[in-house]
Structures are given as C-alpha cells and as structure tokens.
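The values are calculated or read from the model by the stated rules, or taken from the named source; none is laboratory data. These numbers come from a predicted model, not from an experiment. All Cβ positions, even for glycine, are placed from backbone atoms using ideal geometry, and neighbour counts span all protein chains on display.
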C-alpha cells in the first residue's frame, strides 16, 4: 500500500502521516516506510527523533534522496540501454528493460544509503535546499526523486509506504498521484484550511485523481457538517481534537508521544481510517504504466530537452514480475 498525505500548512498533515505510520507498524504489524517530501522536514521529529538528535546528525549517515539525484538515477537505471548520456533519466522516465526494480523488503544499496530507523518506522527524506540550490532550483526539482523511487521500489501486502507531501497542487502536472493506492487530503475546520482543500480537490477531480478527505482536530458534529457542506462531499475519516495531538506539538516534551499512548478516541479513529485504507483497490498496473508513458512522452517532452519517446520500449511491461508476486 502506497499512500500520499496532502494538506495546507498547519492542518496536521505531518502529524497524521507520522501517527498513521506508527499505527500501521505497531497495531497492524506492517513494515512501514515514511518519506518526508516536505521541505520543512518535520517528519523525523513527529516519529520520535529529538531536536538534539536531528541537529547533531545522530540519526545515522542517511543521505537525502533529493540532494543525491545523480546516484539515485544511475542506481535505478541499472543496465537499461535506453538511458544514456544523451538520453539521461529524468523524473518521468518509466522503468525499462534492465532497470533496477526492487521489493521494499529486500536488502539493497539504497537502504544503506537513505534509510533511518526511528521507533520501528523507516524514514527517507527528500531534503531541504542547499546553498547551491538558492536562486537556481525550485523544490520540485527535489520531489522528482520521490517519483523515481516509487516507480522502482514496490511493497507487498504486509508493507506500507506513506509520503508526507508538499502542499502544492502542481503535483497534478506529474503522474505521481497515480503511483499511490490512496491520496489523502487533511483538512481542519477553519476557513483557510477548507478553502485550500476545496481548491485542491477541484484540481484532483479535473485530473481524475480520487481523493480521501480526512478531517482533523474535530470537536463536534457541527464542524464535520460545516466541512461537508463547504466541500460539497462527505469526509471519509474523522480525527478528533485530543490532548494527544497537543502533546505531540508541545515545547515541554523532548519527543512527541507514540501513537500507542493515544486516547481510546484517537485509536478508534485510526482503526476506522486504517480499515478504509486496507479496503482500497490494489495497484492498477495498466493505468500506472499508461499514465507514466503519457506524461513522459507528451508532458515532459515540452521541458526535458530530450526525445522522451526514445526511452520507452513499445509493448514492454516493467511491472510483469510484480503483478505476479505482489498480489
């Protein structure tokens, strides 16, 4: 199961991502990988790393995938003959014959290079801007690393990947949303949060992306009704206002409490959300491949500066082996 979590800053997006990862790991016994795709880089702390750990670099030698794109491209390109010096891999390049396609659980070089383990949850970070990036690159040059990674690493039924996404709706200009089994939008009962949600959901509908709406910080049914009326659609899950979430953001605590310490109301809400997620249809391989090729040949060709269609082998199905073993 691959999940993406979107939301306006302050909506509880990162808190929900971290709590969901911990819940799936602790209560559902799933192997989980979190990807921090937001330049604010708060997911490590939300998973239980202290500010001191982060500042002193005590989370291990893991590199940020968004700042290591040359290695990432070379590694996953494998021996694909359609990726060359003249036709380099870009973020929209679909896997081809010879590409390195891996299962999440198998030992591999990328794990040693990128993964940090925090309280049972594996974490990869896209990374923040470096000094060389300023005035030269936008953050989306880094989030392309997520797209490359998710096309080449696949999880089985007892594993989950959740990405704490950046807030921008320009994500729909790429096939990235189609790589997820569930796209979740987090909304709070405030005017700004609901307005952002409405705008985002309209874009999702325009691009054919099914969204799940998760209402957070909810105190009563009136707030749920207000969100539902404003969005002209029901919410799919409700996370209540609770002391647990206030403690997770408290300056008085060195590290946030684990989800196993949450109240019954919070745990019940995550059980209901998880039940919805586990019933989502599994990977639609044909749709993913079609969208990958379309975005690569039609969209990326406008800005990539290479003959994108030369990187696509007609009739080749890079996911054939996964169709059989990842049911």
Tally the residues that are exposed (fewer than 14 other Cβ atoms within 10 Å of the Cβ) and either free of Cβ contacts under 8 Å to residues at least 40 places away in the same chain or part of a strand (DSSP E or B) (or both), restricting the search to segment 63-121. 11
Condition test on residue 150, is it under 26 Å from residue 49 (Cβ atoms), free of Cβ contacts under 8 Å to residues at least 12 places away in the same chain and not in a strand (DSSP E or B)? no
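Is it true that residue 264 is within 24 Å of the chain's Cα centre (by Cα) and either surrounded by fewer than 12 Cβ atoms within 10 Å (Cβ to Cβ) or closer than 21 Å to residue 162 by Cα (or both)?
No, not satisfied.
Would you be able to say whether some residue in segment 164-176 is over 28 Å from residue 148 (Cβ atoms) and at pLDDT 95 or above?
No: zero hits.
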In segment 273-309, which residue that is touching a strand residue (DSSP E or B) at 6+ places or on another chain (Cβ under 9 Å) and not in a helix (DSSP H, G or I) is surrounded by the fewest Cβ atoms within 10 Å (Cβ to Cβ)? 280
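Could you list, in sequence order, all residues of segment 176-202 that are outside any helix (DSSP H, G or I) and either in contact with a helix residue (DSSP H, G or I) (Cβ under 6 Å, 6 or more places away or on another chain) or crowded, with 20+ Cβ neighbours inside 10 Å (or both)? Can you show your working first?
Taking segment 176-202 first, the residues outside any helix (DSSP H, G or I) are 180-190.
Once the filter is applied, which keeps residues that are outside any helix (DSSP H, G or I) and either in contact with a helix residue (DSSP H, G or I) (Cβ under 6 Å, 6 or more places away or on another chain) or crowded, with 20+ Cβ neighbours inside 10 Å (or both), segment 176-202 yields 180, 182, 183, 184, 185, 186, 187, 188, 189.
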Counted residues, segment 249-272 - those being closer than 30 Å to residue 210 by Cβ and assigned to a helix (DSSP H, G or I): 9
Is there a residue being under 18 Å from residue 40 (Cβ atoms) and at pLDDT below 90 anywhere in segment 111-128? yes
State yes or no: is residue 151 under 14 Å from the mean Cα position of the chain (by Cα), modelled with pLDDT under 90, buried (at least 16 other Cβ atoms within 10 Å of the Cβ) and farther than 21 Å from residue 25 by Cβ? no
Could you tell me whether residue 27 is surrounded by fewer than 22 Cβ atoms within 10 Å (Cβ to Cβ), over 19 Å from residue 142 (Cβ atoms) and touching a helix residue (DSSP H, G or I) at 6+ places or on another chain (Cβ under 8 Å)? yes
Given the criteria within 15 Å of residue 82 (Cβ to Cβ), modelled with pLDDT of 85 or more and under 24 Å from the mean Cα position of the chain (by Cα), does residue 276 qualify? no
Scanning segment 203-248 for residues that are free of Cβ contacts under 8 Å to residues at least 12 places away in the same chain and part of a helix (DSSP H, G or I), the one nearest to residue 276 (Cα to Cα) turns out to be 228
Report the residue count in segment 31-77 for those that are closer than 30 Å to residue 93 by Cα, in contact with a helix residue (DSSP H, G or I) (Cβ under 9 Å, 6 or more places away or on another chain) and at pLDDT 85 or above. 23
